[in-house]
Amino acid sequence: MAARVAKILVPLFILAMGLVVFFAPYSNWGGVEYLGLAAALAAFLVGATRGWLRSLALVAASLLVGLAAVEASAVLVLARPNETRASGYSGNRPILGWGAQHPGIFRNRKFFARSNRVIYDAHYTIDDALNRKVISAPDGPLVAFFGDSFVFGTGLDDNATLPQIFSDLYRRKLGVTNFGFPGYGPQQFLRALETKLYDKQLRGRVKLFVYETAAFHVTRAACIDGFMLRAPRYVLESGRPVFRGTCAAQGTVLAELFRNTAMYQAFIEPVFGGPRDEDIDLYVAILAQAAALARVQYGAPTIILYIRDDSDNAKWLRHAHYNDEDIIAKMRGAGLDVLDVTLDLRAYPGKALIIVGDGHPSGFANGLRAAMLKAYLDHTRPSLLTAAQ
């Protein structure tokens with residue numbers, strides 16, 4: 001009797017642990033955990049089956065243990081920083097896939113992998129609407145920022161985020177919201193508008209949408225990155241992006257999980273990875289559709305803040321026939337208003353434009369980009385935000 005119960009409970013427990021890993025915050029060791037659980041399931045089948053099934057399970061268990069060892073080695077080779085995240089800061093969220101779980105102040109820290117030296121120690125304030133807090137005019141004309149960790153302000157305290165600095169430049173006479181969150185791609189921007197997720201905050205107030213992006217968003221939009229499994233998925237139909245569930249629903253869950261492993265990123269992605277031309281087409285189409293929807297629903301324009309990174313073109317665009325300039329031109333050809341906010345390190349000697357050891361923009365870089373956006377608005381739309389003058 002006990003053996004029969006074990007045959008049911010053990011695989012169920014392993015599968016349940018797989019779901020726990022799937023819904024848990026991203027970890028450098030996630031690939032090792034998945035492979036370890038798969039190896040445990042195969043090992044269970046070795047004892048629970050006979051004949052050729054047992055032999056097959058034994059081969060699978062051996063292979064999975066070996067892959068787990070390779071994955072662990074790749075984690076150590078990549079030496080990606082370790083991060084500690086406060087409970088409730090990020091978790092499963094409907095519509096967008098993930099996000100903050102409840103209001104509060106969350107302390108997140110990141111450390112160098114080998115020395116354990118602190119890279120950043122930041123506190124994130126999440127407001128009652130489950131967005132990153134921005135101090136601004138509660139009833140003023142609204143500027144809505146969308147994007148990923150760059151907009152959210154990963155590694156920075158509240159006062160150093162791009163939306164907050166932008167609000168400060170207008171002496172906090174504008175309403176400013178920060179809808180960015182780490183890991184988001186352009187599909188979260190479009191899906192939020194399609195579902196009117198933030199309608200109560202936007203309706204009757206929003207005067208401008210701002211979306212900050214770079215070439216690495218292409219693979220997110222195409223559901224190539226493994227961490228995008230819970231994200232909204234879009235496909236091009238007659239040149240328009242059409243919602244098709246989540247990235248996990250496209251039938252390539254195992255392939256996407258594999259792309260999120262350290263072994264893929266260390267040994268395979270540098271040679272074979274990267275987006276294709278059709279992925280860039282989808283990326284631009286999603287942003288164009290979001291901007292069109294913003295104007296139809298709210299009568300507000302959208303400005304795309306684009307960050308070129310020529311040093312990374314070999315990584316992000318090596319299998320496509322596009323470079324950053326081509327993408328900007330394609331965006332403008334699709335009717336998007338694009339402001340190039342690329343910063344040249346040589347122009348700011350002695351200043352850190354990124355958080356060293358992490359790669360996210362520094363507060364100084366956010367200040368420069370906020371000033372670039374304000375100057376652009378003052379020149380191209382002097383009447384748009386007159387209430388803040």
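The values are calculated or read from the model by the stated rules, or taken from the named source; none is laboratory data. Predicted model only: the values in this text are computed from it and were never measured. All Cβ positions, even for glycine, are placed from backbone atoms using ideal geometry, and neighbour counts span all protein chains on display. Each accessible area value is taken on the protein alone, full model and side chains, heavy atoms only, with ligands, DNA and RNA left out. Shrake-Rupley method; radii C 1.70, N 1.55, O 1.52, S 1.80 Å.
Miscellaneous remarks
- Cα extents for the stretch 141-250 along the principal axes, largest to smallest and rounded to whole angstrom: 46, 33, 20.
- When peptides 121-127, 109-115 are sorted by average Cβ neighbour count within 10 Å, with the highest value leading, the order is 121-127, 109-115.
- Entries in Lys133/Lys173; Lys207/Lys330; Lys110/Lys374; Lys200/Lys374; Lys173/Lys374 that, when Cα-Cα distance is taken, lie over 20 Å: Lys207/Lys330; Lys110/Lys374; Lys200/Lys374
- The Arg346 and Ala113 beta-carbon pair, evaluated with R₀ = 35 Å, returns a calculated FRET efficiency of approximately 0.75.
- Working from label points 7 Å from Cα in the Cα-to-Cβ sense, the Ser73 to Asn92 distance is 3.5 nm.
- Portion, in percent, of the accessible area of the stretch 161-236 that falls on carbon or sulfur, probe 1.4 Å: 50 percent
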